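S.K.: Got a structure for you, questions after.
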Amino acid sequence: MANPTATSAPQPWTAPTAKDPVTTTIRLPGSKSMTARALVLSAIADGPSTLRRPLRARDTELMSAGLRAMGSHVSTLDDDRWVVRPRPFAGPAHIDVGLAGTVMRFVPPIAGLASGPVTFDGDPRARLRPLGPLVEALRSIGVRIDASQTGGVPMTVHGSGRVAGGEVVIDASASSQFVSGLLLAGAAFEQGIVVRHVGPPVPSAPHLRMTAQMLRAVGGAVDDTTPDVWAVQPGKLSGREWLIEPDLSGAAPFFAAALVTGGQVTLLGWPRSSAQAVDRLRGLLDQMGGAVTLGTDGLTVRGTGTVHGLDADLSDVSELTPVLAALAALADSPSRLRGVAHIRGHETDRVAALARELKALGADVTESHDGLEIRPRPLRGAVFQTYDDHRLAHAAAVIGLTVPGVELNDVACTSKTLPEFPALWSSMVAGV
């Protein structure tokens, strides 16, 4: 198995241009969000668990390695079936978070349960990602943490083998993962956890619903009926078999290919009922000129080759912003994408990076504090900087479908969530 922390030199890649409508069926790996949550819940359960069709990518390999470092048995030898056997957490241990928000926000709460110190660090950009509110919340319930001057990594959680739990007040407007991290660990705290959010709205609400849904699936008592308040009662969680859904965010560029080329893309294995924001994606793609249907073979998106502009608040589905911005740059009318100020703290400042790179291709873009206004005009090929950000690479690939000469300075960053992306994308465009 490859070292999940290994990095390689950037690999320039010219995005293939589609000569014909893209018509294909694809099977993608499992959801990163579901895989990460299932790993954490399995590690604190009272019995073994299996993950069917998980995502094997850098983020989930780092999560698995982090849980192993603290003592959990996590077998990932079989790509389609991972096995987790919980064991008491212990330090000293070191966690490499890479650039994974899930690792740096889901693992520190359970590290408080370890008997001994657990250190965290990652890629240079990880030291800039928001973590302070989570650190302060954990300190308020008795977890001793030494953090950097910015309140994040590098940091050490001095686990005492127990966490008192109780009520925390937190501003989670920078990331819903602050709340999810506390909730996922909460059942193992002596008093459980009550999380009260105070501040601007928490983004990515569907991810919070996924957290609550998955907790309930292993016997967690979760109350999320009061706005901006979440409570998890203390108690044992059951091991179980998880069937991981295909990754909806990872499918977005492939669906966008159907819109741009007037083709049809079917994602195989999509469930009738999903924990992901499929209805929201359906509505957005419908507005931009696509048609989304769910059939027995999977989730299908059809396009006409004409893309319409979009005016939308994307705060609940901010992961889709780069691909939707790429579609907007190819649309027949202006777009306004808003409500995504928090993605400035993702793998890169995605708002600024999108504005900069779309302008380099010839787009007319105005950057605001929480989004972008994009006025389409003829685009040209150029080098597209990806900033080690897989979603930026997806956006560039979508534009390259109709704009020859779009060269990604680094396509290897897609290994964060989909190592097969370059091969899958090239095969799709070639009609293989």
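S.K.: Does the stretch 238-261 contain at least one residue that is outside any helix (DSSP H, G or I), without any contact (Cβ under 8 Å) to a residue 24 or more places away in the chain and closer than 30 Å to Val292 by Cβ?
M.R.: For the stretch 238-261, residues outside any helix (DSSP H, G or I), without any contact (Cβ under 8 Å) to a residue 24 or more places away in the chain and closer than 30 Å to Val292 by Cβ: absent.
Condition check ((1) crowded, with 19+ Cβ neighbours inside 10 Å; (2) among the β-branched types (Val, Ile, Thr); (3) closer than 16 Å to Gly250 by Cα) across all residues:
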site	(1), (2), (3)
Val383	no, yes, no
His390	yes, no, yes
Ala397	yes, no, yes
Leu401	yes, no, no
Gly405	no, no, no
Lys416	yes, no, yes
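For every residue, the table says whether it meets (1) assigned to a helix (DSSP H, G or I); (2) crowded, with 21+ Cβ neighbours inside 10 Å; (3) among the hydroxyl-bearing types (Ser, Thr, Tyr).
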position: Val83; (1), (2), (3): no, no, no
position: Ile95; (1), (2), (3): no, yes, no
position: Phe106; (1), (2), (3): yes, yes, no
position: Pro109; (1), (2), (3): yes, yes, no
position: Pro117; (1), (2), (3): no, no, no
position: Phe120; (1), (2), (3): no, yes, no
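S.K.: Continuing with this model, one more query. Please enumerate the residues belonging to the stretch 96-118 that are farther than 20 Å from Ile141 by Cβ and either hydrophobic (A, V, I, L, M, F, W, C) or more than 21 Å from the chain's Cα centre (by Cα) (or both).
M.R.: Val97, Leu99, Ala100, Val103
S.K.: Taking Thr366 as meeting all but one of (1) more than 25 Å from Pro10 (Cα to Cα); (2) assigned to a helix (DSSP H, G or I); (3) open to solvent by 30 Å² or more (accessible area, probe 1.4 Å), write down the number of the exception.
M.R.: (2)
S.K.: Hey, another quick one. For the stretch 384-402, name all the residues that are more than 19 Å from Asp349 (Cβ to Cβ) and outside any helix (DSSP H, G or I).
M.R.: Leu401, Thr402
S.K.: Oh, and also: Out of the residues in the stretch 45-62 meeting the condition of being outside any loop (DSSP other than H, G, I, E, B) and more than 16 Å from Ile244 (Cα to Cα), tell me which one is farthest from the chain's Cα centre (by Cα). It would help to see each step written out before you state the result.
M.R.: Applying the first criterion (outside any loop (DSSP other than H, G, I, E, B)) to the stretch 45-62 yields 49-52, 58-62.
From the residues that got through so far, the ones that are more than 16 Å from Ile244 (Cα to Cα) too are 58, 62.
Working: Arg58: 12, Leu62: 14 Å.
Of everything passing the filter in the stretch 45-62, Leu62 is farthest from the chain's Cα centre (by Cα).
S.K.: Of all residues in the stretch 369-381 being of a type in the set (A, V, I, L, M) and open to solvent by less than 10 Å² (accessible area, probe 1.4 Å), which is farthest from Thr102 (Cα to Cα)?
M.R.: Per the criteria, the residue is Ile374.
S.K.: Can you name the residue in the stretch 28-44 that is open to solvent by less than 10 Å² (accessible area, probe 1.4 Å) and either farther than 17 Å from Val97 by Cβ or among the basic types (Lys, Arg) (or both) and is also nearest to the chain's Cα centre (by Cα) among such residues?
M.R.: Residues of the stretch 28-44 open to solvent by less than 10 Å² (accessible area, probe 1.4 Å): 30-31, 35-43.
Add one more test, that the residue is either farther than 17 Å from Val97 by Cβ or among the basic types (Lys, Arg) (or both), and what stays is 30-31, 37-38, 41-42.
Numbers: Gly30: 12, Ser31: 8, Arg37: 11, Ala38: 14, Leu41: 17, Ser42: 19 Å.
Per the stated criteria, the residue is Ser31.
S.K.: Among residues belonging to the stretch 131-189 that are touching a residue at least 60 places away in the same chain (Cβ under 8 Å) and hydroxyl-bearing (Ser, Thr, Tyr), point out the one that is most open to solvent (accessible area, probe 1.4 Å).
M.R.: Filtering the stretch 131-189 for residues that are touching a residue at least 60 places away in the same chain (Cβ under 8 Å) and hydroxyl-bearing (Ser, Thr, Tyr), the one most open to solvent (accessible area, probe 1.4 Å) comes out as Ser173.
S.K.: Residues in the stretch 403-432 that are closer than 23 Å to Asp349 by Cβ, within 19 Å of the chain's Cα centre (by Cα) and not in a helix (DSSP H, G or I): how many?
M.R.: 3
The values are calculated or read from the model by the stated rules, or taken from the named source; none is laboratory data. Just so it is clear, the structure is predicted and the values come from calculations on it, not from any experiment. Neighbour counts are summed over all protein chains in view; Cβ atoms, including those assigned to glycine, are modelled from backbone coordinates with ideal geometry. For accessibility, only protein heavy atoms count, side chains too; no ligands or nucleic acids. Shrake-Rupley method; radii C 1.70, N 1.55, O 1.52, S 1.80 Å.
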